[in-house]
Amino acid sequence: MKDNQPTMVFSISDNHEESVKTIMKTVYNALEEKGYNPISQIVGYILSEDPTYITTHNNARALIRKIERDDLLEILLKNYIQS
C-alpha cells in the first residue's frame, strides 16, 4: 500500500536559529567550565534525550531542554553543510 502523505517540510526562522545558537554556546561553555568534553556530552544528549548529559551549571540543562531536538539537528546540519 502506497503512502500518499505529502513530505513534511521543516523550516526554522532566523530569529529562532539565533536563539538556539546562543543557548548552545551557553551550554557548551558551561560544560567546558565544569571540565566535561562538550561535544561528547551534547552528542549524548541529542542521541538519548537524557538531560543528565548536560550540567546544571549556568542553567545549561534547563536551557537546552527549551530546544526541540529536531530543530537542533536541522540547524547543526545546515551550518555543517554551509561551512
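The values are calculated or read from the model by the stated rules, or taken from the named source; none is laboratory data. Remember, it's a predicted structure, so these values are computed and weren't measured experimentally. Positions of Cβ are backbone-derived with ideal geometry, glycine not excepted, and every protein chain shown enters the neighbour counts. These area figures cover heavy atoms from the full protein model, side chains too; ligands, DNA and RNA do not enter into them. Shrake-Rupley method; radii C 1.70, N 1.55, O 1.52, S 1.80 Å.
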Residue check: is Leu77 within 17 Å of Asp14 (Cα to Cα), at pLDDT below 95 and under 10 Å from the mean Cα position of the chain (by Cα)?
no
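Among the residues of the range 5-18, which ones are at pLDDT 70 or above and exposed (fewer than 15 other Cβ atoms within 10 Å of the Cβ)?
First, the residues of the range 5-18 that are at pLDDT 70 or above: 5-6, 13-18.
Hits for the range 5-18 are Gln5, Pro6, Ser13, Asp14, Asn15, His16, Glu18.
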Looking only at the range 53-65, which residues are open to solvent by 60 Å² or more (accessible area, probe 1.4 Å) and either under 11 Å from Thr26 (Cβ atoms) or touching a Pro at 6+ places or on another chain (Cβ under 7 Å) (or both)?
Asn58, Asn59, Arg61, Arg65
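Sort out which residues of the range 44-77 are in a loop (DSSP other than H, G, I, E, B) and of a type in the set (Lys, Arg), and write them in order of number. If you could, list the steps in order and put the result at the bottom.
Initially, the range 44-77 is screened for residues in a loop (DSSP other than H, G, I, E, B), giving 49-50, 54-56, 65-68.
Scanning the range 44-77 gives Arg65, Lys66.
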Matching residues in the range 66-77 - criterion: being farther than 15 Å from Val27 by Cα and touching a residue at least 24 places away in the same chain (Cβ under 8 Å):
Asp70, Asp71, Leu73, Glu74, Ile75
